[in-house]
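A short worksheet on the structure shown next.
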Amino acid sequence: MSEKDILILAVETSCDETAAAVVKNGRTVLSNVISSQVPLHTLYGGVVPEIASRKHIEKIIPVIREALKDADTALSDIDAVAVTYGPGLVGALLVGVSAAKSIAYAAGKPLVGVHHIEGHVAANFIEHPDLEPPFACLVVSGGHTHLVEVLDYGVFRIAGSTRDDAAGEAFDKVARAIGLGYPGGPKIDRKAREGDPFSIPFPKAHVEGAPYDFSFSGLKSAVLNYLNHRKMQGLGISEADVAASFQKAVVDVLTEKAMAFTEEKGYRKLAAAGGVASNSALRASLAGACAARGIRFYVPSPLLCTDNAAMIGCAGYYEFMKGERSGLSLNAVPNLKLGNR
Ligand code: KG4
Ligand code: ZN
């Protein structure tokens, strides 16, 4: 390791994954440990915040130890501790924030609070060494749907957001309605491969006068109405056809708006970020649309699209290099806005 290498220990506990990672110079992942609570929450059909917090408390120290061990790194070699401090579930965030603060204090290392969505966007830097701002980005996670201009590292201009449900939320709700259960996104993705995406014409919602905003609640209602209608008529449904048709409606809207945004703002690079960016149909659709327009498309591999700490280490590195430091008074901010520091 050269003299100037910067090592960040990163911690992420905003929802249902307890994660820690060691990242070198912002883009090289030395370790990336993710302890998923999915099997636990599956029993309840969704994330139960109190259970998530308790599980994070149980796992956080072993996960951090494992991340340091996998990276063959001692705490004394670390240059800073980065941690997600929002947005997310407050009780879940607090576990990571408290652990990171304690480690930073005990080891005498600087602490850097990171915005969770800034982390999702930064996941793109890990596997694409050539990617540098500025670029256009489609952020699609369980809690957020945004079209943003990434003006510089950690500097965003939001052009559009969802008016109601986030894209991931729509996947989760529709999956529950057709009986696929939690977590909905990956289950719809898999089921849709057996179905016909043209079989049911679900609406593609556009928001009047706001070309970069999204709305998914109308689509969700259309799916629920379709299911009720079929039930009342005593007709069965094809889970695969509903999944494929719903997914197509979401993917088409996301692709159309992302392409219009990228072209109208004059960018030649589009990145996708967040859990829904691991959706196979969305990846294929965006890749095809970008290729047809000569726009370079970037997306992290699926494991780095969903919640992980490597992305927090990457974003934390750029904040650290800008001189950003959080005091030991750092608190969890469940509704933290993008661009607020
Ligand atoms: O980014 P993420 O891991 O956590 C948040 O920050 O919210 O995103 C989780 C969301 C969930 O709604 C999940 O259903 C969705 O991402 N998701 C997917 C897929 N994998 C995860 N949605 C569609 N297709 C997938 N393959
Ligand atoms: Zn996330």
Those strands (runs of 3 or more DSSP E) lying entirely in segment 1-115 with at least 1 residues within 15 Å of ligand 2 (Cβ to nearest atom) and acidic (Asp, Glu): 7-12, 17-24
Considering segment 116-144, residues that are acidic (Asp, Glu) and closer than 30 Å to residue 169 by Cβ, and then whichever is farthest from ligand 2 (Cβ to nearest atom), we arrive at 127
Within segment 194-208, is there a residue that is more than 19 Å from residue 282 (Cα to Cα), away from ligand 1 (no atom under 11 Å from the Cβ), modelled with pLDDT under 95 and not polar (S, T, N, Q)? yes
Of all residues in segment 252-268, which are part of a loop (DSSP other than H, G, I, E, B) and out of contact with any Asp or Glu (no Cβ under 7 Å at 6 or more places or on another chain)? 266, 267, 268
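Return the residues of segment 175-189 that are more than 7 Å from ligand 1 (Cβ to nearest atom), part of a helix (DSSP H, G or I) and under 19 Å from the mean Cα position of the chain (by Cα); say none if nothing qualifies. Give the derivation first.
Our first condition is that a residue be more than 7 Å from ligand 1 (Cβ to nearest atom); within segment 175-189, this holds for 175-182, 187.
Now restrict to residues that are part of a helix (DSSP H, G or I): 175-177, 187.
Passing the criteria: 175, 187.
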Scanning segment 142-174 for residues that are more than 10 Å from ligand 1 (Cβ to nearest atom) and among the basic types (Lys, Arg), the one nearest to residue 123 (Cα to Cα) turns out to be 157
Condition (residue is within 16 Å of ligand 2 (Cβ to nearest atom), of a type in the set (A, V, I, L, M, F, W, C), open to solvent by 10 Å² or more (accessible area, probe 1.4 Å) and in contact (Cβ under 8 Å) with a residue 60 or more places away in the chain) applied to segment 254-274: is it met by at least one residue? no
Can you tell me which residue within segment 49-64, out of those that are over 19 Å from the mean Cα position of the chain (by Cα) and among the hydrophobic types (A, V, I, L, M, F, W, C), is nearest to residue 185 (Cα to Cα)? 51
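The values are calculated or read from the model by the stated rules, or taken from the named source; none is laboratory data. Please read all numbers here as calculations on a predicted model, not as lab measurements. Neighbour counts are summed over all protein chains in view; Cβ atoms, including those assigned to glycine, are modelled from backbone coordinates with ideal geometry. For accessibility, only protein heavy atoms count, side chains too; no ligands or nucleic acids. Shrake-Rupley method; radii C 1.70, N 1.55, O 1.52, S 1.80 Å.
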